[in-house]
1. Of the conditions (1) within 29 Å of the chain's Cα centre (by Cα); (2) at pLDDT 95 or above; (3) farther than 20 Å from Leu120 by Cα; (4) not aliphatic (A, V, I, L, M), Pro134 fails just one. Which one is it?
2. Return the residues of segment 96-112 that are part of a strand (DSSP E or B), aliphatic (A, V, I, L, M) and within 24 Å of the chain's Cα centre (by Cα); say none if nothing qualifies.
3. Starting from segment 183-194, take each residue that is basic (Lys, Arg) and list its partners that are surrounded by fewer than 19 Cβ atoms within 10 Å (Cβ to Cβ), counting only C-beta distances under 8 angstrom and pairs at least six apart or across chains.
4. Conditions first: (1) without any contact (Cβ under 8 Å) to a residue 60 or more places away in the chain; (2) assigned to a strand (DSSP E or B). Leu151 passes all but one, so which condition is the exception?
5. Name the residues in segment 204-219 that are out of contact with any helix residue (DSSP H, G or I) (no Cβ under 8 Å at 6 or more places or on another chain), surrounded by 12 or more Cβ atoms within 10 Å (Cβ to Cβ) and outside any strand (DSSP E or B), would you?
6. Test of understanding: among Ser173, Ser160, Ser179, which residue is over 30 Å from Gln78 (Cα atoms), of a type in the set (Ser, Thr, Tyr) and not in a strand (DSSP E or B)?
7. Conditions first: (1) touching a Ser or Thr at 6+ places or on another chain (Cβ under 9 Å); (2) of a type outside the set (D, E, K, R); (3) at pLDDT below 95; (4) surrounded by 12 or more Cβ atoms within 10 Å (Cβ to Cβ). Phe169 passes all but one, so which condition is the exception?
8. Are any residues in segment 110-133 surrounded by fewer than 17 Cβ atoms within 10 Å (Cβ to Cβ), closer than 13 Å to Arg170 by Cα and acidic (Asp, Glu), and if so, which ones?
Amino acid sequence: MAVTSATDSAAALASATAPGPSTSASDAAATSDRFLKLLVAQLQNQDPLSPMDNAEVTSQMAQINTVSGIQQLNTTMQALAGQFAQLQALQGASLVGHSVVVPGNGLQVTDGVGQGGFELTGPADAVKVEILSPGGQVIDTLQLGAQSSGLHTFDWNAGSATTSSGLRFRVTSTTGGVSSAATTLVKDTVDAVTTSGGTFSLDLANSGLVPYSSVREFD
């Protein structure tokens, strides 16, 4: 009577039951049961003159136990990930109505004053802010002089312009005669939070959906 090798079966079962989104405790139990039945069948039908080695049996048992352990760990991690997402959503709900600072270059105008910000990774000898029209033309320039590393803000007399005018800005820093673009930042208001697609994001009034990880500062 030909009996499938428990060694081969253990390897096949390990491959077929590798942890995935649909792996459950019942799958692990069923896998272990099938393996044990195959192992018992092999022991019952082994050649008396060439019995299975104890080390081989122990190795097979360890293999199936490892598969079961990984399946249980995967289930636990999925549960923890779900709980963490719920916790993030609860914490994020408290941000609704508050202001945050995120990457962006749209000029926010309040009571005739345009506001924006930027982030420097190191100190700069000189910083220049250019106000741009919706078409990209420079309509004004602010010379801010030397600035330290970190987050900075600026104000600009916007006259009759409003946020809906579509004005933008760009920031250039110069250090040791070398110019580079700085990260531009805007202040926006949180309208809602979402965990769609497994990513925790903020729905902002002007910037739309922004990953929570992109927030530079909370107001």
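1. Failed condition: (1).
2. Initial filter on segment 96-112 (part of a strand (DSSP E or B)): 99-103, 106, 108-110.
In the following step, the residues that additionally are aliphatic (A, V, I, L, M) were identified as 100-102, 109.
Val100, Val101, Val102, listed by residue number.
3. Cβ pairs passing all conditions: Lys187/Ser99; Lys187/Gln115; Lys187/Asp219.
4. (1)
5. Ala205, Ser207, Ser214, Val215, Arg216
6. Values: Ser173 fails: not in a strand (DSSP E or B); Ser179 fails: not in a strand (DSSP E or B).
Of the residues listed, the single one that is over 30 Å from Gln78 (Cα atoms), of a type in the set (Ser, Thr, Tyr) and not in a strand (DSSP E or B) is Ser160.
7. Going through (1) touching a Ser or Thr at 6+ places or on another chain (Cβ under 9 Å); (2) of a type outside the set (D, E, K, R); (3) at pLDDT below 95; (4) surrounded by 12 or more Cβ atoms within 10 Å (Cβ to Cβ) one by one, Phe169 breaks only (3).
8. Within segment 110-133, the subset surrounded by fewer than 17 Cβ atoms within 10 Å (Cβ to Cβ) is 110-113, 121-123, 125-126, 130, 133.
Cutting the leftovers down to closer than 13 Å to Arg170 by Cα gives us 130, 133.
Listed by number, the list holds a single entry, Glu130.
The values are calculated or read from the model by the stated rules, or taken from the named source; none is laboratory data. Note that the structure is predicted; figures quoted are calculated from it, not measured. So basically every Cβ, Gly included, is an ideal-geometry build from the backbone, and we count neighbours across all protein chains shown.
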